[in-house]
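Inspection log for the structure reproduced underneath, given as structure tokens.
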Amino acid sequence: MRVIGLMSGTSYDAIDAAAADVELVGDSLVMRPLGMVSEPYDDALREALTAALSPGTTTLAEVCLLDTRIGQAFAAAAVRADRELCGGQAELVASHGQTVHHWADGPAVHGTLQLGQPAWIAEATGLPVAADFRPRDIAAGGQGAPLVSLVDLLWLRGRPGRPVALNIGGIANLTAPDGTAFDTGPGCVLIDAAARGFSGGALTHDTDGALAARGRVHEPLLERLLREPYYALPPPKTTGRELFHLGRLRDALAGCGTLPAEDVVATLTMLTARTVADAVRSVGATEVIASGGGTRNPVLTRMLAERLGGVPLRPSDELGLPSDAKEAYAFAVLGFLTAHGLPGTEPASTGARGPRVLGSLTPGAGGLRLPPPAARRPVRLLLE
């Protein structure tokens, strides 16, 4: 089955559309990546989304507008991916949507909301759309994240030692070989917020770690940030912008005096490196396979590598999955599983009562014609 996976993460900088041929051969999922295209949100939509996210306030009218506009933006990305990557032969679209709220209360998650109405994608492409993946896991008592953990487990199974998959997006998450998976805390979300705040909106992120490279870590600020109770919670656990946002950073800055922007960004970069490294050590990793936008920040990756000590840090590209596209490919796999009636979760990773088939399906132009349900769950993911 030729599937397009659509993903926009916590940084909401762009919609990534990755296409792949996926098939089930015996007990193995076989995926042949076909490439990725990326579509940035337009400025007006990004500004509207920024204003609506925590700790901002919004209205139902604005939520409706965002659901429509994000759905249309996802639809445009899917049309482009089908044309440029699939030659118009895609069979399914799997859309993560845009997370706008993750209702976590300490160790419990009560709900989650992803916007980007899939009807717009189905109408624009004529293809069936699998979407709204997270709520079913939450309804079964799980965290609803990180959903890529099942794909990580299948992909790294059989690799020697204890390889850990790490994704550094807005929020960072990891998956260990025994199924333990959780959000470690901020990836780039606070770094991005500081860059945007100090520049008056001229910057959306710390490009190539340039700000952090010119700054010095402010230890009192770092210690304040490390007191966040989330870090001490046992897995499974998830978090988001509801906890890690500019307002919380301003609270931590109170009493630290006037710090240069570069020092604040350097400190936030160290915060991500420290908390990720602590989490990696807690699961006994022998190597870290990293992906996500944070891997493009050389200051962050250097700080992280130093704090990992002798544990190798390598990009997922070395194992065949482009680091920028890994999560979009993961949702292509989850869409394939949903279409074939197969669970898309690992209970050890999310804390759910059991594995669940994820998502809702929106019919395409030809109605909804699903393949026969698969007879058994795959145990590994092979890349061609």
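Secondary structure note: in the chain, about 65% of the DSSP beta bridges are antiparallel.
Contact order for the chain, expressed relative to its length and based on alpha carbon pairs under 8 Å spaced 6+ residues apart, stands at 24 percent. Within the accessible area of the stretch 113-206, the carbon and sulfur atoms contribute 54%, probe 1.4 Å, all protein chains present. Relative to its Kirkwood radius, the Cα radius of gyration of the chain gives an Rg/Rh of 0.95. As a calculated quantity, the FRET efficiency between Arg157 and Arg376 at R0 = 22 Å, using C-beta atoms, amounts to about 0.90.
Pulled fully out, how much extra length does the chain show between Ala139 and Tyr231, if you take 0.36 nm times their separation in residues and subtract their Cα-Cα distance?
Working: separation 92, 0.36 × 92 = 33.12 nm, distance 2.45 nm.
The span from Ala139 to Tyr231 would gain 30.7 nm if fully extended.
The stretch 1-129 has equivalent-ellipsoid semi-axes of 28, 18, 12 Å, by the square roots of 5 times the alpha carbon gyration tensor eigenvalues, sorted largest first. Only Cα sites of the stretch 331-384 enter the Debye sum here, all with the same form factor; the resulting log10 I(q)/I(0) across q = 0.24, 0.25, 0.28 1/Å is -1.05, -1.11, -1.24, listed in q order. In this structure the amide hydrogen of Ala94, modeled in the peptide plane, comes within under 5 Å of the amide hydrogens of Ile4, Gly5, Leu6, Ala130, none closer than 5 places in sequence on its chain.
Of the residues Thr258, Thr175, ranked by 1.4 Å probe accessible area with the largest first, the sequence reads Thr258, Thr175. From the alpha carbon centroid of the stretch 77-92 to that of the stretch 235-258 is 40 Å.
Heavy-atom surface analysis with a 1.4 Å probe gives the stretch 228-349 a carbon and sulfur content of 54 percent of its accessible area.
Solvent-accessible surface of protein heavy atoms, probed at 1.4 angstrom with all chains present, puts Arg32, Arg2, Arg227 in the order Arg227, Arg32, Arg2, largest first.
The values are calculated or read from the model by the stated rules, or taken from the named source; none is laboratory data. Just so you know, these numbers come straight off a predicted model, no measurement behind them. Note that each Cβ is placed from the backbone with ideal geometry, even for glycine, and that neighbours are counted across all protein chains shown. When the accessible area is computed, the model is the full protein with side chains, heavy atoms only, and any ligands, DNA or RNA have been set aside. Shrake-Rupley method; radii C 1.70, N 1.55, O 1.52, S 1.80 Å.
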